[in-house]
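Inspection log for the structure reproduced underneath, given as structure tokens.
The values are calculated or read from the model by the stated rules, or taken from the named source; none is laboratory data. Nothing here was measured: the structure is a model prediction, and the numbers come from that model. Using ideal geometry, Cβ is built from the backbone for each residue, glycine included, and neighbour counts are taken over all protein chains shown.
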Amino acid sequence: MPKVAVVILNWNGIEFLKKFLPSVIENTNPELAEIIIADNGSQDQSVDWLRQNWPGLRIVKLDKNYGFAQGYNLALREINYPYYLLLNSDVEATPGWLEPLVEILDSDPSVGACMPKIRSYHDQSSFEYAGAAGGFIDRLGYPFCRGRILSYVEKDHGQYDDNRDIFWASGACIMVRSELYFSAGGLDPFFFAHMEEIDLCWRIKNMGSRIKFCHQSQVFHLGGGTLPKSNHKKTYLNFRNNLIIIVKNSKTADLVRICLARMFLDFVAGVYFLIKMDPGETFAVFKAYVSLAGHCRTIARSRREVMKKIKPAFHKEIFQGSIIWNFYIRKKREYNQLGF
């Protein structure tokens, strides 16, 4: 029996399925994994196309669009395998992509999740923005990757070809132990989309499990399939959800300091967007804080629930410097320049 469920969450993504699903099917050993489509209430012809062209594929059909987080939570409750691999519909798999990830989890029970190298589908010599060669955060909660810091994306010259511990694995392609997924609480449905994998990984690490990058596995990610980088809703979700992650998972002793620093830096970001004549981005930042204020009780309750199960810990995968300072002031654009 296969031990992995490769679960692709689809929402009105018939064109992505036509373009990328064949590569996943072709490069996935059916004795190792079952490919399952979780349909998030699509209103295009996705499901009909799947049934006509891939009648053997299992489809978990949801009644509406629950977003990335809750869509996966609901679908995975109906799927019983030792390992889940959450895969975006705009990811192209390569030969031998799955076996190294399985080997990582099989060989070390202390590892709870792992991810492959993610390169850009459009520029296949470069890393892809959403994951690259493994994710980290700095002391103020700003996420970055080996191979991508803020807006700067590196070319892949093999400089990160090592299997090492990371802080978070990309939601574009993450393999996680199913038991751990549920014991950690799954993806937070309040996020709807964006950064929910960082939140999940932080909880997994606070439970004592490790997360690893596996360079022997490689996929190509189109990126921006649901919301492009220029979409103001994406900016809103990124600012809002990043702050929620910090509130939910940080040590109590660090929380006030981090939140005050982030409020100042987010204000600066809003002013910067105005200077660039992009008031929509400034409004997205403002809207993020309005949402936080309106849901402060919900977020506080979520933190209390997390704290009941796990205790925040020091993680060496948190960069103790400031990515903002290093990027804009020290002009350090590449991960290897950080000395981290």
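Leu150 fulfils the conditions (1) of a type in the set (A, V, I, L, M, F, W, C); (2) within 28 Å of Asn242 (Cα to Cα); (3) surrounded by 17 or more Cβ atoms within 10 Å (Cβ to Cβ) except for a single criterion, (3).
Yes/no matrix, rows are residues, columns are (1) touching a Pro at 6+ places or on another chain (Cβ under 6 Å); (2) surrounded by fewer than 22 Cβ atoms within 10 Å (Cβ to Cβ); (3) modelled with pLDDT of 95 or more:
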{"residue": "Leu9", "(1), (2), (3)": "no, no, yes"}
{"residue": "Glu15", "(1), (2), (3)": "no, yes, yes"}
{"residue": "Lys19", "(1), (2), (3)": "no, yes, yes"}
{"residue": "Pro22", "(1), (2), (3)": "no, yes, yes"}
{"residue": "Glu26", "(1), (2), (3)": "no, yes, yes"}
{"residue": "Asn29", "(1), (2), (3)": "no, yes, yes"}
{"residue": "Gly41", "(1), (2), (3)": "no, yes, no"}
{"residue": "Trp49", "(1), (2), (3)": "no, yes, yes"}
{"residue": "Lys61", "(1), (2), (3)": "no, yes, yes"}
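Per the conditions (1) surrounded by 22 or more Cβ atoms within 10 Å (Cβ to Cβ); (2) farther than 21 Å from Asp199 by Cβ, the sole criterion not satisfied by Tyr72 is (2).
Give region 108-128 a look and list any residue that's of a type in the set (Gly, Ala, Ser), in a loop (DSSP other than H, G, I, E, B) and farther than 19 Å from Arg210 by Cα, or say none.
Ser125
Just to be sure, is Glu34 among the acidic types (Asp, Glu), farther than 30 Å from Asn241 by Cα, assigned by TED's automatic domain parsing to the domain that holds Ile104 and within 23 Å of the chain's Cα centre (by Cα)? Answer is yes for this residue. Contact annotation: residue pairs with Cβ atoms under 8 Å, 6 or more positions apart or on different chains, pairing a residue in region 54-66 that is closer than 14 Å to Ser42 by Cβ with a partner that is basic (Lys, Arg) and loosely packed, with under 15 Cβ neighbours inside 10 Å, are Ile59/Arg51.
The condition of being in contact with a Leu (Cβ under 7 Å, 6 or more places away or on another chain), small (Gly, Ala, Ser), farther than 27 Å from Pro22 by Cβ and touching a residue at least 40 places away in the same chain (Cβ under 8 Å) holds for only one of Gly112, Gly134, that being Gly112. Selection over region 288-340 of residues that are among the acidic types (Asp, Glu) and part of a loop (DSSP other than H, G, I, E, B) gives a count of 2. Taken together, Glu305, Glu281, Glu317 contain a single residue that is surrounded by 18 or more Cβ atoms within 10 Å (Cβ to Cβ), of a type outside the set (Val, Ile, Thr) and within 22 Å of Met207 (Cα to Cα), which is Glu317.
For region 74-107, a tally of residues being touching a residue at least 24 places away in the same chain (Cβ under 8 Å), assigned to a loop (DSSP other than H, G, I, E, B) and more than 17 Å from Pro2 (Cβ to Cβ) returns 5.
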